[in-house]
1. Counting other Cβ atoms within 10 Å, which GluC sites (Glu not before Pro) in region 331-412 have at most 10 and lie in a DSSP loop?
2. If you take every residue apart from Ala304 with its C-beta less than 14 Å away from the C-beta of Ala304, what net charge results, scoring Lys and Arg +1 and Asp and Glu -1?
3. Identify the residues of region 203-224 with backbone N under 11 Å of a label point that sits 7 angstrom from the Cα of Ala301 along the Cα-to-Cβ direction, or state none.
4. Determine the percent antiparallel among the DSSP beta bridges restricted to the chain, to the nearest 5.
5. Please work out the C-alpha center-to-center distance from region 285-358 to region 35-54 and express it in whole Å.
6. At 0.36 nm per residue, minus the direct Cα-Cα distance, what do Glu357 and Arg29 gain on full extension? Give it in nm, one decimal, please.
7. Would you mind checking which residues have amide H under 5 Å from Asn360's amide H? H placed 1.01 Å from N; only 5 or more apart, or other chain.
8. Amide H of Asp93: which non-local residues (sequence gap of 5 or more, or other chain) have their own amide H closer than 5 Å, using H built in the peptide plane?
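Only the coordinates and a few stated rules stand behind these numbers; no lab work does. What you are looking at is a predicted structure, and each value in this text was computed from that prediction instead of being measured. Neighbour counts run over all protein chains shown; Cβ positions are idealised from the backbone, glycine included.
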Amino acid sequence: MTRAHAAELDRGDALAGFRDRFEHGDGDRIYVDGNSLGRLSHDARAAVAATVDEWGGRLVTGWHDWVDLAGRTGDALGAAALGAAPGQALACDSTTVNLYKLAGAALAARDGAIVVPADDFPTDRYVLEGLAAAHGRELRLVAGDPVAPLGVDAVAAAADGAALVVLSHVNYRSGALADMAAITRAVRSAGSLVLWDLCHSAGAVAVDLDVAGADLAVGCTYKYLNAGPGSPAFLYVAQRHQAALRSPIQGWFSQADQFAMGPRYEPAAGIGRFLAGTPPVIGLAAVMAGAGMLAEAGIGAVRAKAAGLTALAVDLHDERLAGLGFTLGTPRAAADRGAHVSLRHPDAWRICRALIEHANVIPDFRRPDSIRLGLPPLYTRYVDVWDAVDRLAALVADGVHERMPEHAARVT
Ligand SMILES: Cc1ncc(COP(=O)(O)O)c(C=O)c1O
């Protein structure tokens, strides 16, 4: 496996032209952490700047256009990234808050336990732990394999008698991709609602919420949708559930007749009942830009390139890293993984720090032993994968990481 082979793959890349539409400006730094925070695109910068100008020029009259921006942006995300017909998605709040709203709505409507994988992302487990206590429900933690995708049978067994099952489509640590359609079918036939966390799949893999028959979903836009740090998240509620579910946050933006300023709360008829307060207009401009670029590229092409980039990383792991104490923390079949690859090593923390400080490669570390290489297809080249692994292999072979202090930092 040579660098020339990677360069050859870049020459055949149908999405290669998208790379120049992002800001790089970082010398020979190799950025493989777009699964934490995506790069800044020229489109996002221009959209934010235009919205700031609009604020300056229009002041409060801008609200005539901004007032329904959460729904319009949700529809754009629905079409580009979620496989959701209009009227079922909103871009609003954070993933954490959206999870609280939708899980809270599901629990208010249904009796039974809450199910979540024991190794799911912390915010999901913590929010559900709090809701379980508040609603007096059992919280069932499903044990999973650290590498393999969620098993349909294990989830179906845990779903028996549950009100709600919350699952990540792509696991944040391993990158394993769950079979959304099969699991949704199994959970629904067990009589529960399923809520998908799409943080690591929206903009990285094809998501077909409507076709899968999903009930609920949430996710963020700062990873593969490149909308910037803390950008508004999204939520999805299938049309068939909207009338029966009520958000536990009864904010004025979800009121049936918001500007009547009436005495009592009455939820809006459609998806708008899952809003809370005033939408973050400047942040939504960047989300709209991210949805637009994804629509242009097409999720099919993005998915195909993610499979190619991660396959190269897996091959390079086998050839260059396996002999240095690494094991692969991601499924080997491209159909079973998203757009990041997890490399496990007993000294992963120090290797990750050494990569950042001495090799100008930016991945991230996830406890206990994973270095994640995030490979967003719109701006990652095959040579970036090759260079990142080449620098990683050289650094570990030279023992550079052994000279790194064994201390904890708050973020990687
Ligand atoms: C799977 C998953 N869910 C939720 C979150 C975070 O949610 P929030 O944007 O509310 O911090 C993340 C963040 O990386 C995540 O990976």
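1. Numbers: sites: Glu357, Glu402, Glu406; in loops: Glu406.
Passing both the DSSP loop test and the Cβ count: Glu406.
2. Overall, the nearby charge balance is +2.
3. Within reach of a label on Ala301: no residues.
4. Values: 21 of 39 bridges.
Counting only bridges with both partners in the chain, antiparallel ones make up about 55 percent.
5. Between the Cα centres of region 285-358 and region 35-54 lies a distance of 24 Å.
6. Gain on stretching Glu357 to Arg29: 117.0 nm.
7. So Asn360 has HN proximity to no qualifying residue.
8. Sorted by chain and number, the residues that satisfy this are Ala233.
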